[in-house]
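The values are calculated or read from the model by the stated rules, or taken from the named source; none is laboratory data. Predicted model, so just to flag it, every value in this text is computed and none were measured. Using ideal geometry, Cβ is built from the backbone for each residue, glycine included, and neighbour counts are taken over all protein chains shown.
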2 protein chains.
Amino acid sequence: MRDEAPRAVTAICRALEEQIEHGLLAAGSKLPAERKLSEVFDTTRITLREALGQLEAQGLIYREERRGWFVSLPRLAYNPLVRSHFDAMVGEQGRTPSTEVIAARLMPAPAVICDLLELPALSSVIQIRRARRVDGRLVLYVEHYLNPAYFPGILDFDLTLSLTELYARQYDIHYGRVRFDMVPTALHLEAAAALKVSVGSPALRITRVNRDQHGRLIDCDIECWRHDAIHVSVEVPE
Amino acid sequence: MRDEAPRAVTAICRALEEQIEHGLLAAGSKLPAERKLSEVFDTTRITLREALGQLEAQGLIYREERRGWFVSLPRLAYNPLVRSHFDAMVGEQGRTPSTEVIAARLMPAPAVICDLLELPALSSVIQIRRARRVDGRLVLYVEHYLNPAYFPGILDFDLTLSLTELYARQYDIHYGRVRFDMVPTALHLEAAAALKVSVGSPALRITRVNRDQHGRLIDCDIECWRHDAIHVSVEVPE
């Protein structure tokens, strides 16, 4: 048994991977019930679940509570060198973006935000928390922190729309230099709740620190992406 | 209980995070035994383990079989825009690199490698599998695939050294354009065995496709990094 189980798991993974790659199991489609899959692969529920867990960790399938297992949608391509924003990036890839505002307020800046935006101690900062979907699926929880000096009255606007476009239209502020920092990590409580998954689920956290056309530090975003929702592409010239 | 447990987990995580951030628990140091920690936090082993699991998923601590829990070493900064290689990158950050060759051979090119290197069907390719350490800790499993047309006799050299430098010295080949693709994923069997962790452990997979100074596709690397070993930084100019 000891030697058989890992091989059985690998065999099930390979079989399902192949079916998915060849489009026999289409993106978004539901897998048969676990009981049925155990029969198909002539294996125990324990071995089957281990295989499904590995495919989930690879981002090929995902589970919805009480609904079962589904084939993941294609990952969004995220290219930090191409100036874009969520709505444009998603739209250009033939997918449909949507955004919900969870909360937006002026608050005392946490220490880490003071560091990133080079604000003095005890500064205030505008925090906007949003959840974003691609084709109806929750993929991104983001906290935006804005230096309030540059965005008077911004909390009165419709914050489900692109902040990039709002900055340009209302404040004549455009993104200039940007610093990205990407870390594979796990979802904390707030992010997990917003994305409706378990605390500790794997995620890619992307911290963006943004300057405007005058070189001023205007805002930073802390993005928590589902681990299976994006791949990051960077093309480096010679 | 239902409401208390998640709060207790969060409280333990915050307390340990704070101790680590303030250097009271130094990088590389061992945490007290779980029994002792349960006493300190006046909690059950189940709750304690959930908290430790979350910190592990965040990359703050890691477990070694039979040895216990340790505070993670600082993440390596990985900047795709800065031309470098493993030994140089690690050394520049004041850390010590080392490399083991697991295997090196000429083999039929897998379909995915034919795609990446634009090789015709049924081509041969040189595969070099290596495991790399930082300060003695296994952090990276990498598969290099080289177009054999450009590297005659390379299997006779010492492949624990930098391939970048070997290419330059022996073949007068230098990296030109590079394409990076980064995906949060889970370790497959070979990578997990090389890094001595469980199959399915979280990882960042970085696929590099490299051209030389003449624009020829010379090789590609499939790197599997421990999720807690690096952060990727990209600075984008205006």
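Numerical summary
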quantity: In the stretch A:182-200, the residues that are closer than 17 Å to A:Glu223 by Cβ and crowded, with 18+ Cβ neighbours inside 10 Å; calculated: A:Met182, A:Val183, A:Pro184, A:Thr185, A:Ala186, A:Leu187, A:His188, A:Ala191, A:Ala192, A:Ala194, A:Leu195, A:Val197
quantity: Residue count, the stretch A:199-238 (criterion: at the interface with another protein chain (Cβ under 10 Å from one of its Cβ atoms) and either touching a Leu at 6+ places or on another chain (Cβ under 6 Å) or farther than 15 Å from A:Tyr150 by Cβ (or both)); calculated: 26
quantity: Residue in the stretch A:125-135 that is exposed (fewer than 13 other Cβ atoms within 10 Å of the Cβ), in the same structural domain as A:Val209 (by TED's automatic domain parsing), closer than 17 Å to A:Arg211 by Cα and more than 20 Å from the chain's Cα centre (by Cα) present; calculated: no
quantity: Residues satisfying the stated conditions in the stretch A:38-55, i.e. closer than 13 Å to A:Ala11 by Cβ and of a type outside the set (D, E, K, R); calculated: A:Val40, A:Phe41, A:Thr43, A:Thr47, A:Leu48, A:Ala51, A:Gln54, A:Leu55
quantity: A:Ala104 more than 14 Å from chain B (Cβ to nearest Cβ), in contact (Cβ under 8 Å) with a residue 60 or more places away in the chain and over 23 Å from B:Val232 (Cα atoms); calculated: no
quantity: Qualifying positions in the stretch B:26-42 - in a loop (DSSP other than H, G, I, E, B) and crowded, with 19+ Cβ neighbours inside 10 Å; calculated: B:Leu31
quantity: Test result for B:Ala121, free of Cβ contacts under 8 Å to residues at least 40 places away in the same chain and part of a helix (DSSP H, G or I); calculated: no
quantity: Among (1) away from every other protein chain (no Cβ under 14 Å); (2) among the polar types (S, T, N, Q); (3) not in a strand (DSSP E or B) - the single one B:Thr47 does not satisfy; calculated: (1)
quantity: Selection from the stretch B:177-193 of residues that are modelled with pLDDT under 90 and in a helix (DSSP H, G or I); calculated: B:Leu189
quantity: Qualifying residue in the stretch B:61-73 (condition: more than 21 Å from B:Lys196 (Cα to Cα), in a strand (DSSP E or B) and small (Gly, Ala, Ser)); calculated: no
quantity: Every pair of residues 6+ apart whose Cβ atoms lie under 7 Å, when the first sits in the stretch B:148-167 and is within 17 Å of B:Arg130 (Cβ to Cβ) while the second is of a type in the set (Gly, Ala, Ser) and at pLDDT 95 or above; calculated: B:Leu155/B:Ala104; B:Leu159/B:Ala104
